[in-house]
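Note sheet for the following structure.
The values are calculated or read from the model by the stated rules, or taken from the named source; none is laboratory data. Just so we're clear, the structure is a prediction, and the values are computed from it rather than from any experiment. A quick note on method: Cβ atoms are made from the backbone with ideal geometry, for glycine too, and the neighbour counts reach across all protein chains shown. All accessible areas refer to the heavy atoms of the entire protein, side chains included, with ligands and DNA or RNA removed. Shrake-Rupley method; radii C 1.70, N 1.55, O 1.52, S 1.80 Å.
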Amino acid sequence: MSGPETAVVIFGIGGQGVQLIGKTLALAATDAGKHAMLAADYGGEMRGGPSNASVVIGAAPLRALPILPAVDAAIVANHKFSGVVPERLRPGGLLLLNSSIVDATAAGETHRVVEVPATGMATELGAPQAAGFILLGAFAGLTGLVDHDHLVAAMTSLLPPYRRQHAATNAAALKAGAAAVAGAGAAI
């Protein structure tokens, strides 16, 4: 972590699993002995509307709700509602993009941009619904904030019974995301 706390925001649209990957990140961090807070922001639509999750991870108890005017990292799963990302991301912060959907040219030059073709990779895995987990695996690989085993355990525990059949492919997606950024160096 770059300091006592690391703040990340995840942007996407309803149906991409943004809330699930935000919860997975927060739970994996707490299971690993860290402190985490999660805030969700989404519209009333089940699919297609804005969906954002903010997660703060720290080594000590966190004192405030995660209302984050500035963040250390952003994960952008879809460009549709992500227009505020450049203003909220601190200079030099990690901007992790689903390059299957998001055009990196709009990112500017003040951030560390990492492109992962998550939608394409998930489709190749035979699990198109797992693109968010590819991004989460890449984020974990770049930051070292949480390890693979804690992510898999958290994801598995958060899946509702009618989605448990996806646990193995989601775990494979987490691993594929980390492998896609292996050797890219620490991000934050």
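Among 122-133, 29-40, what's the highest-first ranking by average C-beta atoms within 10 angstrom per residue?
Going from most to least packed, we get 122-133, 29-40.
Can you tell me the equivalent ellipsoid semi-axes for the chain? Use √(5λ) from the Cα gyration tensor, largest first, whole Å.
21, 19, 17
Which of the peptides 8-17, 155-164 is most tightly packed, and how do the rest follow, judged by the mean count of other Cβ atoms within 10 Å per residue?
The peptides rank, most packed first, as 8-17, 155-164.
In whole percent, how big is the carbon plus sulfur part of the accessible area of the chain, probe 1.4 Å, protein atoms only? Walk me through the numbers on the way to the answer.
On the way: 4980 of 8620 Å².
Carbon and sulfur atoms account for 58 percent of the accessible area of the chain.
Averaged over all directions, how much area does the convex hull of the C-alpha atoms of the stretch 89-188 cover when projected, in nm²?
Average of the hull's projected areas for the stretch 89-188 equals 6.5 nm².
Give the lysines whose C-alpha is closer than 20 Å to that of residue 175, dropping any in the same chain fewer than 8 places away, or say none.
23
Enumerate the calculated ³J(HN,Hα) couplings along the stretch 135-150 in order (Karplus 6.51 cos²θ - 1.76 cosθ + 1.60, θ = phi - 60°), each rounded to whole Hz, writing x wherever the residue is Gly or Pro.
3J(HN,Hα) across the stretch 135-150, in whole Hz: 5, 5, x, 5, 4, 5, x, 6, 9, x, 5, 9, 9, 4, 4, 5.
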